[in-house]
Every structure is written in structure tokens, then in C-alpha cells.
Amino acid sequence: MKSLRGVGPVQSVLWAIALVVLIVLPFTSAPFRVEQYITWMTIAVAAGGLNLLTGYNGQISVGHGALYGTGAYTVAILVTDAEWPLLPTVIAAAVVCFMVGVIIGLPALRIKGLYLALVTLAVATLFPLVIEQFSDLTGGSGGLTLTSEQLYRGSIRDRRVKWESPIDGLASDQWKYFIFLGISIVCFVVIAAIVKSRVGRSLVAIRDNETAAEVSGINVSRTKIITFGVSAGIAGIGGAMFALNKGQVNPTSFTLTLSIYLLVAVVLGGASTVIGPAIGAVIYGVFIDVIAPELPETLESATPLILGTLLVAQMLMAPSGIVGWFHDLTEKVSRRRQGGGKQDKNVDVTVTTHEVVAETDLETDPGGFHP
Amino acid sequence: MPILEVDDIGVRFGGVRALDGLSFDVDKGQICALIGPNGAGKTTLFNVVSRLYKPTTGTVVFDGTDLLSVPADQIADLGIARTFQNLALVQGLSVLDNVKVGSHARSHGGFWSCALYFPQRAEEKRITAEAMEMLERIGLADLADHPCSALPFGTLKRIELARALASEPRLLMLDEPASGLTHQEVDELGDLIRTTTADLGITVLLVEHHMAMVMSLSEKVVVMDLGSKIAEGTPAEVRDDPMVISAYLGAPA
Ligand SMILES: Nc1ncnc2c1ncn2[C@@H]1O[C@H](COP(=O)(O)OP(=O)(O)OP(=O)(O)O)[C@@H](O)[C@H]1O
Ligand SMILES: [Mg+2]
């Protein structure tokens, strides 16, 4: 049983492989690919933040694209208008999005499920319109290009921001790749720390049984609101990375499609698993950026359809996402391998009780209330 | 000295008077049973003390604090824990994590502290060790990493008991802890409740239909019917009370 809690040998090997691949990748790929990898990272981070809210806390948001966009615009405005250095703007974006998230989260105290999805859907739909409305600040439909004062041919001019590599032999796209990889890893480490902590347990408790959470001393409303804020803040970091990577922002980058993309990444990779959203984001990215352009032209317009079909197939075959499916698989294998001796007792318990327990006992009437 | 004072509590659901002027006291360190036929209002009283239901009349005082002025999520901070008749477990967490949820009220650290991991490390370690100890006491250590679903009802009830104990309560409210258990398990559970609560000086309010358990465990029995108290006393006194007999048999004795 111990191996279930820690990291098993299979997992360690996979982590090591992933690390090697992540380090080697920018050296073996064309610069335009490296830019795409960075875009996937920004999506992974934002999906990781969304997962805290939707996966762990059970609050569905179809509006995280707007928060990602808010983070991107925060960075663009601070760099271009306020002349901030690049990296501190990422923190500013997180703070701004935290506050916006708390405000969007306020209605979530009264509404849940489908209704919350609809409210956040409205936020996602309105976001590009709001951006165009405040064109003085945001550049309207033309967007903003991130510029800073740079020395150019002997004079200081406003020029598009660049990522100059300070290390010999490392191209600027590779340098940028590693900076963004670092930010992404920090985000996921933070998410993992939250999830495995007492706060993480309270998120799941609120999702699965509010009564249980409340009588255990968890402040349900406060936790829900702060979760909304933290989730939004992390999505904002994703958006900030996007703006710094592309060097420009435009309202068409932050439409409803983006919000749905984020949700798909969470569900595909595995909601309420730490690394699932990252895997979902990469798979989605590979599909959109690598596979879809290779398809014959007649099929290319059908990519949303193909993606939708794949998603339905995944929901049917691996409803807990790729990571969830993998967990189930390794657990099954390790149980089978342990078979015999002491462990048998546990296995028996789980197998026989499947029939004994009426699952409805757990689901209906959780608080011991009468309807 | 009473630690819990229930005075003139009334709860209505539409036309139904679930509780109607219910009053009783529980002394510190006592095991007090609350019994009565189905629908008498026992669970409703638990829900009032947990602040899940708002009474229309009366007061509840716990160790000098007016409970009705305390929000539900601060009841655990005061040292009141409970189990549920129909279970309230967190299905998405392992058995161990469910028990650890019980220690929420006596642990610290919000999002920021948890996000940084290190400020929480020592406390997390301690809580894990204590939760494991609790599972061992209750005989479920083997299931620590098992998901908290697809287990027998009686096992789930014991996990809830472990969770309640993990909060180190001063008052423990148990709503039918013996349901779903075999005869032998009921005896074991009775011993467990007696020794654990005596060790830790916990006051117990016990709702149970299993009369042998009630009679052997409790120092005081409060009998309810139709939302009111109809008798109160030692197990022996209550057993022979004609009112009680008639309430249970449904006709005048
Ligand atoms: N949330 C509710 N809404 C409406 N009626 C309720 C609610 N909760 C309890 N009641 C009613 O209040 C009365 C008392 O119920 P309660 O659950 O407290 O009884 P009990 O003594 O716990 O019974 P049992 O031994 O069956 O658990 C019953 O008539 C019940 O139908
Ligand atoms: Mg009841």
C-alpha cells in the first residue's frame, strides 16, 4: 500500500524522461516550433490554475480565457505605457487577475454548476468587446505591441521587446524557452503544494460534501472565493507569459474558444490531477499546431469536429482523463503484482464490498438530512 | 457541571414540528444517550447544535458560549465534532485524507502558506501521524490509502468516527454509529467509544437504536418522542418508565 502514496518506480522513470525531453527539445526544434512550445506552456499554466477551481473545488469556469487575457493585457500595458521591466509584470498580472477573479467569484457564492458556467461564459464572451471598448488603454481591435526604449544605432528608440540571450551558444528563442519553462515549473510546484496541503483537502471537501466541510471547520464561502482568485491569478500568469512570448496582444486571441481550450486541456489531461492539465495542453497543442496543418485542406476545416469526437471518445473511455487513466492502470498492475500474502485481505475488501455498498447511500442525503 | 445546555429548542419544517420545546443538559465527561422512535427529532437536534438548522425558539449553550450566535464553520473550533446518520464523507479523498480533514479546525495555514509548502511541512507531518494513529485505534490503518468510497457502510461510519476524533473534540455527537455493523463489531465499537472518550476526557452525545449499546455505554439517557423529551434518567430508570414503553410500542402500556 505504501507505494500508492509515494512516487512509484514507473512514475520516477517517466518524470526523468519528461525532464530530459523538456531540456533537449529546444535544441532539436526549429525556432518557430520553440515559440509554439512556449504557447503550450502558457496554456498549461492557465489550465493548471483552472484545474484548482474546476477540478479540485468543483466550480466550473468557462471564463478563464478572459482572465488569461487580463493577464496578457496587464503585461502589455505595464511594459509599453509604464515602462516596467519584463519579469515583474508577470507578478503584477497575477495580482490583478487575483482581484478580478475574486470579483467574478463573488456570484459563485450564490450560484453553482450550470448557472456558474453560464455567468463565466458571459465573462468570456464579453471580454474581447470590453477590450475594444477601452481602446485608449488597450489599443482596441488593433491590439498592443510590447515596446520598450532600447538603444538602436546610437540612439534610444521605442522598439519591440526582445529576449536577448546572455549565454553564448543559446539562441534567444531557446533562452526564452528556458525562462518560461522555469516559470511554468514554479507554477506547477505551487499548485502541487496547495493540492497536497490542508487547503487542498478543504477544496475537495467543499466540492464533494459541503456539509462535511462546514462541520469540519472549513469556511466554505471564503475558501471558494480565494480559490477563484488564486485560480485566476495563475491563469493570469499564463496570459502574462503569452504576451511576453508573442510581444503583442490582440482581442481576437482571447475569445470564448480560448476558454474552452483551457477546459478541454483540464478534462483531457485529467481534472483533479496536478500534471493532467499540462499534458492536456500539450496534446491539444500538438493537435492544433503539428497535426492539423498536415491534414489535407478538406479536413482542416473539420478540425473542431475531429477534436470534439476525440473528446467524446475520451469521456467515454477514460472519464478521469489521461493521468487518471494512467493512475488506475498502474494501481491495477501493482495490486496484481502484490497479490498473495498480507495484501490479499485489502484486495478482498475492495472487491467484495463493491456489491455490498449501495453507492446511493453516499450520494443522496449526504448530510443526514431528510428531503 | 453541564457542558451542553439545550433549552426550549423548537424547529419546524412547514407544518411539522420536528422539535418542540426540547430541553436537557449534558454533563462534562458524560456519555449521554438520546433515544426515541423514528422521526422523534434526534438528528434534527444534532443539526441544530451543528448550526445547520436554525431553531425558531430556544437556546443552546456550550461551555458558556451561546452556540446560536456562532456560524456553522466555527462550531468545530469550539471543540464540537459529529458523525452523520447517513454519512458525510469526502469521496474524492483517501481514507487517511478524510481523517485529516477532521483536524482542519486545529491546524493552521491558508493558501499562501500552503503554496510555499515549507511553512506547513512540520504540521502536515504531525497531522498525518496523528491521523494514522487514529486509524490504527479504529482498526482501519490498512485502508489508509484506499479511496473513501466502495467500502462497507459500517467501515465508512468508523472512518467518520475517526475523522470526528481527529479534531480532538470536547463534545462528540454520534448519530447511530452502530448501524451497519455486525453484533461483534457493535461490542467492539462500544468498547472503543468508552475507552477513547474516557482517555481523552470527551463528552459524548449518542443517538443509537441499538439498545444494548445504549444501556451499557451511557450514564444518562434522554428519551424523545415527537420533538419533546418524555423521560430522562439512568438507563435503568428509563427502561422501566411507562411513558417510554408506550412511546416505543406505539400504544399505551
Ligand atoms: N430538512 C427537513 N425538511 C423537512 N422535514 C424534516 C427535515 N429534517 C427532519 N425533518 C422531519 O423532522 C422530524 C424529525 O426528524 P429527525 O431526522 O430528526 O428524526 P430522528 O429522531 O433522527 O429519526 P431517525 O431515528 O429515523 O433517524 C421528522 O418528521 C422528519 O421528517
Ligand atoms: Mg436520525
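The values are calculated or read from the model by the stated rules, or taken from the named source; none is laboratory data. Since the model is a prediction, treat every value here as computed from it, not as a measurement. Ideal geometry is used to build each Cβ from the backbone, glycine not excepted, and the neighbour counts take in all protein chains shown. Just the protein is used for accessible areas: all its heavy atoms, side chains included, with ligands, DNA and RNA removed. Shrake-Rupley method; radii C 1.70, N 1.55, O 1.52, S 1.80 Å.
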With the condition kept exactly as written, say whether any residue in segment B:64-80 is outside any loop (DSSP other than H, G, I, E, B), within 13 Å of ligand 1 (Cβ to nearest atom) and of a type outside the set (S, T, Y). no
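Rundown of residues vs (1) touching a strand residue (DSSP E or B) at 6+ places or on another chain (Cβ under 8 Å); (2) within 24 Å of B:G41 (Cα to Cα); (3) outside the structural domain of B:L34 (by TED's automatic domain parsing); (4) charged (D, E, K, R), yes/no style:
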position	(1), (2), (3), (4)
B:L156	no, yes, yes, no
B:Q184	no, no, no, no
B:E208	yes, yes, no, yes
B:A231	yes, yes, no, no
Can you name the residue in segment B:174-204 that is assigned to a loop (DSSP other than H, G, I, E, B), within 16 Å of ligand 1 (Cβ to nearest atom) and under 15 Å from B:V214 (Cβ atoms) and is also farthest from the other protein chains (Cβ to nearest Cβ) among such residues? B:A178
Can you tell me which residue is farthest from the other protein chains (Cβ to nearest Cβ) among those in segment B:141-168 that are part of a loop (DSSP other than H, G, I, E, B) and of a type in the set (A, V, I, L, M, F, W, C)? B:C148
Any chance A:Y177 is under 30 Å from A:V21 (Cβ atoms), crowded, with 24+ Cβ neighbours inside 10 Å and more than 14 Å from chain B (Cβ to nearest Cβ): yes
What about B:F153, is it farther than 20 Å from B:D191 by Cβ and crowded, with 21+ Cβ neighbours inside 10 Å? no
With the checklist (1) without any contact (Cβ under 8 Å) to a residue 60 or more places away in the chain; (2) under 23 Å from B:G39 (Cβ atoms) in hand, flag the one item B:Q184 doesn't pass. (2)
Kindly indicate the residue of segment B:56-75 that is within 19 Å of B:D175 (Cα to Cα) and touching a residue at least 24 places away in the same chain (Cβ under 8 Å) and also farthest from ligand 2 (Cβ to nearest atom) among those meeting that condition. B:F62
Read through the list (1) more than 10 Å from ligand 1 (Cβ to nearest atom); (2) within 18 Å of B:L206 (Cα to Cα); (3) open to solvent by 60 Å² or more (accessible area, probe 1.4 Å), then give the number of the only condition that B:V6 fails. (3)
Would a scan of segment B:77-86 turn up a residue that is of a type in the set (V, I, T), more than 16 Å from ligand 2 (Cβ to nearest atom) and under 16 Å from the mean Cα position of the chain (by Cα)? yes
Does segment B:30-41 contain any residue that is in the same structural domain as B:P235 (by TED's automatic domain parsing), in contact (Cβ under 8 Å) with a residue 60 or more places away in the chain, under 21 Å from B:T196 (Cα atoms) and out of contact with any Leu (no Cβ under 7 Å at 6 or more places or on another chain)? yes
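Residues are listed down the side, and each one gets a yes or a no for (1) more than 8 Å from chain A (Cβ to nearest Cβ); (2) buried (at least 22 other Cβ atoms within 10 Å of the Cβ); (3) under 17 Å from A:G200 (Cβ atoms):
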residue: B:T59; (1), (2), (3): yes, no, no
residue: B:D66; (1), (2), (3): yes, no, no
residue: B:V70; (1), (2), (3): yes, no, no
residue: B:D73; (1), (2), (3): no, no, no
residue: B:A76; (1), (2), (3): no, yes, no
residue: B:R82; (1), (2), (3): no, yes, no
residue: B:V101; (1), (2), (3): no, yes, yes
residue: B:G110; (1), (2), (3): no, no, yes
residue: B:R121; (1), (2), (3): yes, no, yes
Only one of these conditions is not met by A:G105: (1) in contact with a Leu (Cβ under 9 Å, 6 or more places away or on another chain); (2) open to solvent by less than 30 Å² (accessible area, probe 1.4 Å); (3) closer than 25 Å to A:I279 by Cα. Which number is it? (3)
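For segment A:182-262, which fully contained helices (runs of 4 or more DSSP H) count at least 2 residues that are among the aromatic types (F, W, Y)?
Here the list reads A:220-246.
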Here is a list: A:S202, A:S172, A:S155, A:S165. Which entry is within 8 Å of another protein chain (Cβ to nearest Cβ) and free of Cβ contacts under 8 Å to residues at least 24 places away in the same chain? A:S202
Being in a loop (DSSP other than H, G, I, E, B) and within 10 Å of chain A (Cβ to nearest Cβ) is the filter; apply it to segment B:27-53 and report the residue that is nearest to ligand 2 (Cβ to nearest atom). B:G39
Only one residue in B:S216, B:S179 is open to solvent by less than 50 Å² (accessible area, probe 1.4 Å) and modelled with pLDDT under 95. Which one? B:S179
Considering only residues that are of a type in the set (V, I, T) and surrounded by 17 or more Cβ atoms within 10 Å (Cβ to Cβ), look in segment B:9-26 and name the one that is farthest from B:R51 (Cα to Cα). B:V26
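When you go through A:G140, A:G154, A:G200 one by one, which is the residue that is over 30 Å from A:L52 (Cα atoms) and open to solvent by less than 30 Å² (accessible area, probe 1.4 Å)?
None of the others qualify; the one that does is A:G140.
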Does B:L171 satisfy the criteria of being within 14 Å of another protein chain (Cβ to nearest Cβ), of a type in the set (A, V, I, L, M, F, W, C) and in contact with a Phe, Trp or Tyr (Cβ under 8 Å, 6 or more places away or on another chain)? yes
Give me the pairs: first residue in segment A:297-320 and under 15 Å from A:Y284 (Cα atoms), second residue among the β-branched types (V, I, T) and assigned to a helix (DSSP H, G or I), beta-carbon distance under 7 Å, and six or more apart or on different chains, which are they? A:L311/A:V264
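Can we say B:A105 is in a strand (DSSP E or B) and touching a residue at least 60 places away in the same chain (Cβ under 8 Å)?
So B:A105 fails the test.
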Residue match in segment B:123-136 (condition: within 20 Å of B:E208 (Cα to Cα), open to solvent by 20 Å² or more (accessible area, probe 1.4 Å) and in contact with a helix residue (DSSP H, G or I) (Cβ under 6 Å, 6 or more places away or on another chain)): no
Are there any pairs with C-beta distances below 6 angstrom linking a residue in segment A:63-84 that is open to solvent by 30 Å² or more (accessible area, probe 1.4 Å) to a residue that is aromatic (F, W, Y) and not in a helix (DSSP H, G or I), with the two at least 6 apart or on different chains, and if so which? A:L78/A:W84
